[in-house]
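In what follows, a single structure is set out as structure tokens and then discussed.
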């Protein structure tokens, strides 16, 4: 999931298309993060101007929500669920395995820039715990072996497109 | 003649490989020159059998599962496309005991129909409730919902009809219906299943709410962790508009109602209704003080009906079949059915819609089949991360809002997470406080600071530091959070903490016989 590099024109187009929506802040932030993988600094004053807000108000919204990132993530984002249902099915062991395998802690990106690891509280896949999300795919009944296979496949896809 | 084969498109089925299974069936059928019509349905809610493939036969739909891509050639060899026997075959889907013993009202169509087919929806009773509501006066529709006994399925269990009446009786040029689809509780997935498996049912319920209260615009606030549900709703809204079921004149009745779907951004607190309103308005999801009630001054300061997905999705059948039909299910003041969600350490996880009054033991043992690990079940957390841990000694209490409240627990959104005897309850209590640290909106002190202190105190208890005094301190802190917090986040975090402490003192290093 290679993303575009942010540009002023690109940001302006994303903002303009949504500024008239009632309560436009979140739709705009989602559109920006979907396009670039994160919300770049230069977007904040632009959003503030478009919505007649102060820059501090926009900053406040961005920082409130776990979903929005302020720095570019790795090429892939892996989320491991830490909620109760997954804990009941061995999420802690899975979390330890994933961290060891990737060599990073939560909110960190592997040295090669391939994978950012994040915690998540519930993916709504509680009947198939423990659950993970890799980019837009939700995965169920995970274990170390299945994670290794998913990671291997990501690496192969990357190798093929490189 | 083509063979109709159902392969679910539900997130959980996809998480177990349903997409690859659908591809394998299409490929294998082409190789064998068999014409197949693959329908991507919702899930039947039997997740230990997912991906569950169904084949339409003259004898009804025959179930095969769990199917993996490598099973597909063998299934064709056995003649599964004609409903033939196979080691993965479970016979007619509707006769699988887990499903056959349920009372599916809200979930009647989920897993049965093609989620985005309006024809399918209409053929299965869709829009009958809306048609009836159109022919009634708004106050009559509200009365029907009140008489059904429906109470808020999001967790607070407030009577839906009373909420609607307040909005109807508050004059305003603009009113809203806001559907809370920020289903963040661990162990819950019924909202997601319905939005992915029968989205028109939710849209119909919202349209009825709009006509009943005079609201013309609806919003669905879906959590960002549900990308599939979000896309399904977007597609369903477009098709419903094109079909004339939403827009300037709902089903040609001359009254307007339209719906927009909005994405949350990973904040658990936005499942709290006033915080959700702030988020919909584009702000930080900080809880509002009440009053004013959202029914009087809600979204953008206008009267707003706020209901959970399950509440709104229960409305079409209430209107279609009448209040009495729905009220006849359940017991006491808990009327109708609740789609319970079985999660965690169980053999048979899934969705069980039953009338109120079923017991946890029936759900965990008869439906759930006991623990997945094979070890004894020790406890179940009912009602999400803010719900109490119920010990095995209370598994026989009927699931009913009042009986659960009487034992210091809550039914909530009907999520049930089972734990076997390897669970460390002190760790789970700490987890509840840590979750509150992470997710508190920060507006009120008991929640924002109390949760941080809670983690510290529990850490000291676990480390064995001055245990007696620290337990007294923890209980006092819980009391402050319970009485002093602005909303359920801080106000209910003590439920899992204190239930763990009360029922499992040995996990905190306390002699069981000495514990008060």
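Read the figures in this text as sums done on the coordinates, not as results from a lab. As the structure is a prediction and not an experimental result, all values here were calculated from the model. Because the Cβ atoms are built from the backbone with ideal geometry, glycine has one as well, and the counts that use them run over all protein chains shown.
Selection of helices (runs of 4 or more DSSP H) fully inside the range B:91-155 by the criterion of at least 3 residues being in contact (Cβ under 8 Å) with a residue 12 or more places away in the chain returns B:128-134, B:138-148.
Residues that are part of a helix (DSSP H, G or I), within 13 Å of chain B (Cβ to nearest Cβ) and touching a helix residue (DSSP H, G or I) at 6+ places or on another chain (Cβ under 6 Å) within the range A:60-97 comprise A:61, A:85, listed in sequence order. When each of B:408, B:442 is tested for being in a loop (DSSP other than H, G, I, E, B) and within 14 Å of chain A (Cβ to nearest Cβ), the lone residue that passes is B:442. Pick out the one residue from A:20, A:35 that is touching a helix residue (DSSP H, G or I) at 6+ places or on another chain (Cβ under 8 Å), without any contact (Cβ under 8 Å) to a residue 40 or more places away in the chain, more than 8 Å from every other protein chain (Cβ to nearest Cβ) and surrounded by fewer than 20 Cβ atoms within 10 Å (Cβ to Cβ). Only one candidate qualifies: A:35.
Considering B:449, B:458, B:416, the condition of being in a strand (DSSP E or B) and either under 30 Å from residue B:313 (Cβ atoms) or away from every other protein chain (no Cβ under 14 Å) (or both) is satisfied by B:416 alone. Taking residue A:127, is it crowded, with 24+ Cβ neighbours inside 10 Å and in a helix (DSSP H, G or I)? Taking the combined requirement at face value, the residue satisfies it.
All conditions in (1) within 13 Å of chain A (Cβ to nearest Cβ); (2) crowded, with 24+ Cβ neighbours inside 10 Å; (3) touching a helix residue (DSSP H, G or I) at 6+ places or on another chain (Cβ under 7 Å) hold for residue B:228, with the sole exception of (2). Checked against (1) in contact with a strand residue (DSSP E or B) (Cβ under 6 Å, 6 or more places away or on another chain); (2) more than 9 Å from chain A (Cβ to nearest Cβ); (3) farther than 25 Å from residue B:13 by Cα; (4) in contact (Cβ under 8 Å) with a residue 24 or more places away in the chain, residue B:241 meets all criteria but (4). Could you please let me know if residue B:215 is out of contact with any helix residue (DSSP H, G or I) (no Cβ under 6 Å at 6 or more places or on another chain), in a loop (DSSP other than H, G, I, E, B), buried (at least 17 other Cβ atoms within 10 Å of the Cβ) and away from every other protein chain (no Cβ under 12 Å)? The answer is yes for residue B:215.
With respect to the conditions (1) in contact with a helix residue (DSSP H, G or I) (Cβ under 6 Å, 6 or more places away or on another chain); (2) away from chain A (no Cβ under 14 Å); (3) in contact (Cβ under 8 Å) with a residue 60 or more places away in the chain; (4) within 30 Å of residue A:29 (Cα to Cα), residue B:246 lacks only one, and its number is (3).
Return yes or no: is residue B:363 surrounded by fewer than 24 Cβ atoms within 10 Å (Cβ to Cβ) and in contact (Cβ under 8 Å) with a residue 12 or more places away in the chain? When the stated conditions are applied, residue B:363 passes them. The residue that is nearest to the other protein chains (Cβ to nearest Cβ), among those in the range A:114-124 that are over 18 Å from residue B:435 (Cβ atoms) and touching a helix residue (DSSP H, G or I) at 6+ places or on another chain (Cβ under 9 Å), is A:117.
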